[in-house]
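Colleague: My structure is below; once you've seen it, I'll send some questions.
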Amino acid sequence: MSKNLTKRSEDYSKWYNELVVKADLAENSGVRGCMVIKPYGYAIWEKMQAELDRMFKETGHQNAYFPLFIPKSYFSKEASHVDGFAKECAVVTHYRLKNAEDGSGIVVDEDAKLEEELIVRPTSETIIWDTYRKWVQSYRDLPILVNQWANVVRWEMRTRLFLRTAEFLWQEGHTAHATKKEALAEAELMQNVYADFAENFMAMPVIKGTKTESERFAGALETYAIEALMQDGKALQAGTSHFLGQNFAKAFDVKFTSKEGKLEYVWATSWGVSTRLMGALVMTHSDDQGLVLPPNLAPIQVVIVPIYRGEEQLEIIAEKAKEIMDDLKAKGISVKFDDRDTYKPGWKFAEYELKGVPLRIAMGPRDIENGTVELARRDTLTKEVVKQEGLSDSIDNLLEEIQKSLFVKAKAYRETHITKVDNFEEFKEVLENKGGFISAHWDGTSETEQRIKELTKATIRCIPNDAEIEEGKCVFTGKPSHKRVLFAKAY
RNA sequence: CGGGGUGUAGCGUAGCCCGGUUAUCGCGCCACGUUUGGGACGUGGAGGCCGCAGGUUCGAAUCCUGCCACCCCGACCA
């Protein structure tokens, strides 16, 4: 293993790429743009899944599973949806291979051409709404509150581990409602669930807002998003929740008879977060020493490293370590005792720092003698000698403190990187030299948004839900505006 | 998908321009010994279809063509 990670200040992008690989989260595979998520990285994803799944169920949702393949004809039923995804779809055209006649290997059997080509899902709205048609007749069949955990494929031209891969893992919720009001409430509810998860579980502060028309999901009437800010000053869309109106119901003819006996189209939402959150997690907390994981998501929360000379000492330390582990496990804290004698303590310290383990306990003969341990925090890189007595309680508290402190730190960074700007020169200056979100007035037109994007590469990340009504002039055109929106360069 | 770059042992690399013994070095790996409170040291050892496929040549890591993958810049996107 090579020792030094590129510093964030030298090359942020390179730092990220190296860290994801060196911390054993993921690596590239033989297939362009597709990654292998390694056990350590997958363990973090599983923790995210477990908590999100719990939250979805708590808000009344159930899991189901829909097919990977979508008939091309389904896919083309909703016009704006096709426009949005057509350019990045993988298409299955054949169902059989055969040995090449000249013996040169395996080739596609041209005789096995599919009658109707299948799209590998880039998202599942179409197949799900085709299914919901059969599930819904009466208002009594509503709402349908379904989520699926799945992989999807979007044939991206430029990929990066976790942030943008051709195949990624996600969950997609698809709900059907009798009224517009109910569907809107669902979309907002899920935005809140995502924000809650991001902040309380990932310790990643997010801004809740609405997307502008040009940033909206293909087929949605309204897209609600949570936006996070990375350490390099770029924004990252961490989750989206869409109000789909009756677009898909109309495209797939999903109607129900209302209480009043009228035939009406169903109202829809969809919402998702993906393995992109892994990238967000890395870029929110980690440092030049490696990964920094919030305790809620760390596969290993505490690691115990013994320092010893000879079997005899190890035995004594191991015995003490076992006591500590039992105490910690009883509190639901995940702990690993690393008694490998093939690596030295210093090597292990560096290794667990790279991997972001929140707390490290080092125990040597001196500690055995004094009834102490050395306790080191990953987030602050500080260490102190503490009494073994009451250790599990203090660790329990400390983990909670680390979780909070990571959030506070990330939030403080974000707060100092939201800059109010009132003219375009300043806009460009702040974007160039400081980065982060720029809070500015906008005249509400796609044309202006587009021009600003062309000139600066910054896009409107969202219109914050809590934006104050404030009379002002568009930062670009000078036309009247009544609230500020957030601009940023984005991932 | 367009422009540029890279690909040599598990990782990082020298050699390539200007073709010619057994492909360089460091880390890692294996064995033994000494070590163990911040990435230990010594001695010995193993490991290579030089990204893949063709071509030029007496001879190719080196020159040419095609393909694949990765990185950077664009266009596009979660």
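Colleague: To the nearest whole percent, what portion of all C-alpha pairs in segment A:4-57 is separated by more than 15 angstrom?
Modeller: Cα-Cα pairs in segment A:4-57 separated by more than 15 Å: 59 percent.
Colleague: Please compute the contact order of segment A:418-488 in relative form: average sequence separation of alpha-carbon pairs under 8 Å and at least six residues apart, divided by the residue count, as a percent.
Modeller: It comes to 39 percent, rounded to a whole number.
Colleague: Okay, next question. Which length gain, in nm to one decimal place, applies between residue A:413 and residue A:116 when the Cα-Cα distance is subtracted from 0.36 nm times their residue separation?
Modeller: Going from the current span to full extension adds 101.7 nm.
Colleague: Using DSSP to call loops (not H, G, I, E or B), can you name the chymotrypsin sites (Phe, Trp or Tyr not before Pro) in segment A:83-166 whose Cβ has at most 15 other Cβ atoms within 10 angstrom?
Modeller: Those satisfying the criteria are A:95.
Colleague: Take the alpha-carbon centre of segment A:263-298, take the same for segment A:82-149, and report the distance between them in whole Å.
Modeller: A separation of 26 Å, based on Cα centres.
Colleague: Right, something else. Pick out, in residue order, every one of the trypsin sites (Lys or Arg not before Pro) in segment A:384-491 that is DSSP loop and has at most 14 other C-beta atoms within 10 Å; say none if there are none.
Modeller: Within segment A:384-491, the qualifying trypsin sites (Lys or Arg not before Pro) (loop, at most 14 other Cβ atoms within 10 Å) are A:434, A:457.
Colleague: Pairs to check: A:47/A:322; A:344/A:489; A:38/A:428; A:409/A:453. Give those whose C-alpha atoms are more than 32 Å from each other in this structure.
Modeller: The answer is A:344/A:489; A:38/A:428.
Colleague: Here's something else I'd like to know. Is the shape of segment A:316-396 rounded, prolate or oblate, going by the alpha carbon gyration tensor and its root eigenvalues a ≥ b ≥ c, with a/c under 1.5 for rounded and a/b larger than b/c for prolate?
Modeller: Taking the square roots of the gyration eigenvalues as a ≥ b ≥ c, segment A:316-396 is rounded.
Colleague: Additional query: Give me the Kirkwood hydrodynamic radius of segment A:298-432 in Å, from all C-alpha pairs, to one decimal place?
Modeller: 16.8
Colleague: Given contacts defined as C-alpha pairs under 8 Å and at least six residues apart, what's the relative contact order of segment A:183-333, whole-number percent?
Modeller: 18
Colleague: Please arrange A:34, A:89, A:462 by counting, for each residue, the other beta carbons lying within 10 Å of its beta carbon, fewest first.
Modeller: The order, fewest Cβ neighbours first, is A:34, A:89, A:462.
Colleague: Find the percent of Cα-Cα distances in segment A:233-321 that exceed 21 Å, and round it to a whole number.
Modeller: Of all Cα-Cα distances in segment A:233-321, 65 percent exceed 21 Å.
Colleague: May I ask for the Rg/Rh ratio of segment A:418-488, computed from Cα atoms with Rh as the Kirkwood radius, given to two decimals?
Modeller: Reported Rg/Rh (Cα atoms, Kirkwood Rh): 0.91.
Colleague: Still on this structure, please answer the following. Which residues make up the longest stretch of chain A that has no GluC sites (Glu not before Pro) in a DSSP loop with at most 14 other Cβ atoms within 10 Å?
Modeller: A:111-259
Colleague: At q = 0.10, 0.11, 0.16, 0.17 Å⁻¹, work out log10 I(q)/I(0) for segment A:100-228 with the Debye formula, treating every Cα as an identical point scatterer and leaving solvent out; two decimals please.
Modeller: -0.50, -0.58, -1.06, -1.16
Colleague: Another question about this same structure. Provide, for q = 0.11, 0.13 Å⁻¹, the log10 of I(q)/I(0) from a solvent-free Debye sum over equal Cα point scatterers in segment A:271-372.
Modeller: -0.40, -0.54
Colleague: Follow-up question, since we're still on this one. Whole angstrom only: what separates the Cα centroid of segment A:407-453 from the Cα centroid of segment A:186-248?
Modeller: 18
Colleague: So, one more: Pairs of Cα atoms under 8 Å, at least six residues apart: use those to get the relative contact order of segment A:258-389, whole percent.
Modeller: 25
Colleague: Can you list the lysines whose alpha carbon is less than 26 Å from that of residue A:98, not counting same-chain residues fewer than 8 positions off?
Modeller: Result set, ordered by chain and number: A:72, A:113.
Colleague: Using only the alpha carbons of segment A:1-132, what is the convex hull's orientation-averaged projected area in square nanometres?
Modeller: That works out to 14.1 nm².
Colleague: Between residue A:315 and residue A:181, what length comes free when the chain is fully extended (0.36 nm per residue of separation minus the Cα-Cα distance, one decimal in nm)?
Modeller: Full extension of this stretch gives 41.7 nm more.
Colleague: Semi-axes of chain A's equivalent ellipsoid from the Cα gyration tensor, sqrt of 5 times each eigenvalue, largest first, rounded to whole Å?
Modeller: Equivalent ellipsoid of chain A: 43, 30, 24 Å, largest first.
Colleague: Once you've got the Cα coordinates, tell me which of A:211/A:483; A:336/A:404; A:180/A:259; A:211/A:411 are over 20 Å apart.
Modeller: A:336/A:404; A:211/A:411
Colleague: Just to confirm the filter: which trypsin sites (Lys or Arg not before Pro) across segment A:289-327 are DSSP coil and have at most 10 other Cβ within 10 angstrom of their Cβ?
Modeller: A:309
Quick note: the coordinates plus some simple rules give every number you see, no bench work behind them. Note that the structure is a prediction, hence the values are computed from the model and not measured. Virtual Cβ from ideal backbone geometry, glycine too; neighbours counted across all protein chains shown.
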